[in-house]
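These notes are about the structure you will find just below.
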Amino acid sequence: MTALYLYDDARARTFEPFALTRPVAELRAGTTLLRERWERALATPAAGTVAAPHLADFEEAGAPPSVGESVPAGAIIANARCVVPLGWTSRVADVWICEGAVAAVRVSRPVPIADFDDGGTSLDSLTASGTRLVEVPGRWLGEVWQLVTELIGQLQADIAAIGPTLTVAPPHQAIHIGSHPVYVEQGATVEPHVVFDCSGGPVLVRAGAVVRSFTRLVGPCAIAGGTSVLGDRVAGCSIGEGCTVRGELSESVILGQANKSHDGFVGHSYLGRWVNLGAGTITSNLKNTYGTVSMWTPAGMRDSGTIKLGSLIGDHVKTGIGMRLTTGSVIGAGSNLYGSQMPPKYVAPFSWGEGASLAPYRLDKFLETAERAMARRQLTLGERTRRALAAAHERGRRSSG
């Protein structure tokens, strides 16, 4: 079997606040992780990740390990920023092209991992093992906020590809509005008086998910297994596995294992893993001027070019009750925010405090909290993950001065 490796190039490594704690391949685009898209397309599991050196100990269920010394000859190296469509496959090729750029290559010789340390190596500079070219009908992520701004179209395409392949169990005493389909996979629980509003797109509820009474799911919308939706309106969202959500959510992605179990609006936002939003946490996703939203990036403030953009919230972020986040906020991984004052638009990773009075979050205290949070879901904070989070903590605090 051909080995597949996912590569974070230099641009992918700017996808903060998420790139500090995880390879970009482990981000959800639409219904599905970027890695899983490549795995399905090439019909092979990923053997390794070629990412920033500080992610060498990254560990998560289903994720491949970091590459050791080199990528072997004959292996396929795929750029994680390429969003491969679900339902499309291409097993026999040497070079894969997406929108005119090399998205993957089957290398003819071993490639030392040191060649990828800064992410500057482009795949078109690597020698392919042959001349067979295939066009990938996908798209590129050029900016991290495209995971939010292009969510609706991606959900439409993903659910259309996934839904018809499932064994479904039509829910009883639910209300179906609109012409688009509802796919409730066998093994999911949908209580009476749930409304599926499919006027604008389909709805997908995977096995193991629970949707409580008086929830309104507005398509396109996808709910992953192990997630509980406790009520209110969830519109145009992709909710990953193992989450608990309540309150109004609009056009947002929750990567997985996150908790938003109270009221509070979250719109046009992206939440990393192990995020916990306190009761009444609210994101603003529209400026009073209706102008385009600027957002912090490692290269400075950038205009996103879109008028609706909420918050990008990194892994392991916690917010206290009543927290308000301004339009276009970036909350660095591992931060713990509380109090009545609104925090700054950019919160450096591993920050602790209220409003603008933020201090560094001590590593030992952060790890204690992370361990407790994971234990509540019967998961263990292993030694390798501790090392990975410690490396992220050191890098994050160093970069924030």
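The values are calculated or read from the model by the stated rules, or taken from the named source; none is laboratory data. Bear in mind the structure is a predicted one, so any value in this text is a computation, not a measurement. Please note: Cβ atoms are built from the backbone with ideal geometry, for glycine as well, and neighbour counts cover all protein chains shown. Only protein heavy atoms, including side chains, enter the accessible area calculation; ligands, DNA and RNA are left aside. Shrake-Rupley method; radii C 1.70, N 1.55, O 1.52, S 1.80 Å.
Residue by residue through the stretch 1-27, note down the ones that are surrounded by fewer than 24 Cβ atoms within 10 Å (Cβ to Cβ) and hydroxyl-bearing (Ser, Thr, Tyr). Answer for the stretch 1-27, where residues must be surrounded by fewer than 24 Cβ atoms within 10 Å (Cβ to Cβ) and hydroxyl-bearing (Ser, Thr, Tyr): Thr2, Thr14. One residue stands out among those in the stretch 75-94 that are outside any strand (DSSP E or B) and in contact with a strand residue (DSSP E or B) (Cβ under 7 Å, 6 or more places away or on another chain): the one that is nearest to Glu150 (Cα to Cα), which is Arg81. For the stretch 95-119, the tally of residues that are modelled with pLDDT of 95 or more, part of a loop (DSSP other than H, G, I, E, B) and under 18 Å from Asp9 (Cβ atoms) stands at 3.
In the stretch 357-370, the residues that are of a type in the set (A, V, I, L, M, F, W, C) reach residues that are open to solvent by 70 Å² or more (accessible area, probe 1.4 Å) with C-beta atoms within less than 9 angstrom, at least six apart or across chains, in these pairs: Leu358/Trp352; Ala359/Trp352; Leu363/Glu394; Phe366/Trp352. Ser213 passes every criterion in (1) over 17 Å from Leu277 (Cα atoms); (2) of a type in the set (S, T, N, Q); (3) surrounded by 20 or more Cβ atoms within 10 Å (Cβ to Cβ) apart from (3).
For the residues Gly353, Gly396, the requirement of being modelled with pLDDT of 95 or more and either among the charged types (D, E, K, R) or crowded, with 18+ Cβ neighbours inside 10 Å (or both) singles out Gly353. For the stretch 8-27, check the following and say yes or no: at least one residue is touching a residue at least 12 places away in the same chain (Cβ under 8 Å), under 25 Å from Ala392 (Cβ atoms) and part of a strand (DSSP E or B). No: zero hits.
In this structure, Ile159 qualifies as out of contact with any Asp or Glu (no Cβ under 6 Å at 6 or more places or on another chain), of a type outside the set (D, E, K, R) and closer than 25 Å to Ser269 by Cβ. The residues in the stretch 106-139 that are open to solvent by 40 Å² or more (accessible area, probe 1.4 Å) and touching a residue at least 60 places away in the same chain (Cβ under 8 Å) can be counted, and the count is 4. Filtering Gly153, Gly201 for residues that are at pLDDT 95 or above, closer than 27 Å to Thr292 by Cβ, among the small types (Gly, Ala, Ser) and open to solvent by 40 Å² or more (accessible area, probe 1.4 Å) leaves a single hit, Gly153. The number of residues in the stretch 216-230 being in contact with a strand residue (DSSP E or B) (Cβ under 8 Å, 6 or more places away or on another chain), open to solvent by 10 Å² or more (accessible area, probe 1.4 Å) and more than 16 Å from Gly30 (Cα to Cα) comes to 3. Restricting attention to the stretch 28-64 and to residues that are open to solvent by 40 Å² or more (accessible area, probe 1.4 Å) and either touching a Gly at 6+ places or on another chain (Cβ under 6 Å) or assigned to a helix (DSSP H, G or I) (or both), the residue that is farthest from Tyr346 (Cα to Cα) turns out to be Arg40. Scan the stretch 156-179 residue by residue and report those that are open to solvent by 50 Å² or more (accessible area, probe 1.4 Å), in contact (Cβ under 8 Å) with a residue 40 or more places away in the chain and of a type outside the set (Gly, Ala, Ser). The answer is Gln156, and nothing else.
No other residue among Arg91, Arg81 is modelled with pLDDT under 95, of a type outside the set (Val, Ile, Thr) and open to solvent by 20 Å² or more (accessible area, probe 1.4 Å) apart from Arg91.
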